[in-house]
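S.K.: What follows is a single structure, and I will ask about it in a moment.
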Amino acid sequence: MKAGLSLVVLSLVLAGCVNIGEKSEIPAVVYYVLQDASLEEAAPLRAEVPQSGMESAPTLLVLDTTAGGFYDTDQLVFSRSAGTRGQYQFARWTERPGKRFADLMRERLDRQGKWRVTAAGGYVRGDVLLDTELVEFYHDASSEPGQMRLVLRAELVDLKQRKLLGRRVFEQSAPLATFDAAGAAEASGQAVGRALDDLTVWLANIR
């Protein structure tokens, strides 16, 4: 009987219906902004690059990051056990993770100073194209407080020579400080920051 009650409480916590230690009530929907937690530590490299160097830098077209159907939503996703996924009932992202991740990625790459970064789809012709996909992005709640897991696929294409320059899959995780949506949102920013750290290093070393 106690085991069954524990499972019910766990489900309600992840759904956002119960706040442990507070009076139980149905809360209002809370919207979280996905952040790059490493951004404050990233050096503004572009400011150190001479303007003449930037003029000769290749133009990098960055596509919006795609996401699998279940992750292409403004709801925070969690998993209580392997092979299962659920969604927080009263927690939302202000933007879908794929779109927001792409904006954070462009900002980080622009700071790197190696590329002239722009969104794809406009009138600007690019030298190289970056295509990314959020393969996994969820709160692994199989144990308390769990961790945020992120899997990112990236491909870099030379548009002039029409060839693949590189392909890589990045995996990152970040532990939650609290077992709730707020903890998941904060850990998401840490996982995003670490993934962007890896991505920028990878791109900087591609010849």
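The values are calculated or read from the model by the stated rules, or taken from the named source; none is laboratory data. Here the structure is a predicted model, which means the values were calculated and not measured. Note that each Cβ is placed from the backbone with ideal geometry, even for glycine, and that neighbours are counted across all protein chains shown.
S.K.: Filter the stretch 53-106 for residues that are in contact with a Gly (Cβ under 9 Å, 6 or more places away or on another chain) and in a helix (DSSP H, G or I); which is farthest from Met148 (Cα to Cα)?
M.R.: In this case the residue turns out to be Gly53.
S.K.: Given the residues Leu203, Leu196, Leu165, which is the only one that is of a type in the set (A, V, I, L, M, F, W, C) and either touching a Pro at 6+ places or on another chain (Cβ under 6 Å) or assigned to a strand (DSSP E or B) (or both)?
M.R.: Values: Leu203 fails: either touching a Pro at 6+ places or on another chain (Cβ under 6 Å) or assigned to a strand (DSSP E or B) (or both); Leu196 fails: either touching a Pro at 6+ places or on another chain (Cβ under 6 Å) or assigned to a strand (DSSP E or B) (or both).
Residue meeting the stated conditions: Leu165.
S.K.: Answer yes or no as to whether Arg116 is modelled with pLDDT under 95 and surrounded by 15 or more Cβ atoms within 10 Å (Cβ to Cβ).
M.R.: Spelling it out, Arg116 is indeed modelled with pLDDT under 95 and surrounded by 15 or more Cβ atoms within 10 Å (Cβ to Cβ).
S.K.: Just the residues that are part of a strand (DSSP E or B) and basic (Lys, Arg), please, taken from the stretch 112-150.
M.R.: Arg116, Arg149
S.K.: If you don't mind, there's one more thing I want to ask. Just name the residue that is nearest to Asp158 (Cα to Cα) out of those in the stretch 84-131 that are under 17 Å from the mean Cα position of the chain (by Cα) and of a type in the set (A, V, I, L, M, F, W, C).
M.R.: Applying the filter and picking the extreme gives Leu130.
S.K.: If you take the residues of the stretch 176-190 that are within 10 Å of the chain's Cα centre (by Cα) and surrounded by fewer than 23 Cβ atoms within 10 Å (Cβ to Cβ), which of them is farthest from Phe90 (Cα to Cα)?
M.R.: Of all residues in the stretch 176-190, those within 10 Å of the chain's Cα centre (by Cα) come to 188-190.
After this cut, where a residue has to be surrounded by fewer than 23 Cβ atoms within 10 Å (Cβ to Cβ) as well, the list is 189-190.
Working: Gly189: 19, Gln190: 22 Å.
For the stretch 176-190, the residue satisfying everything is Gln190.
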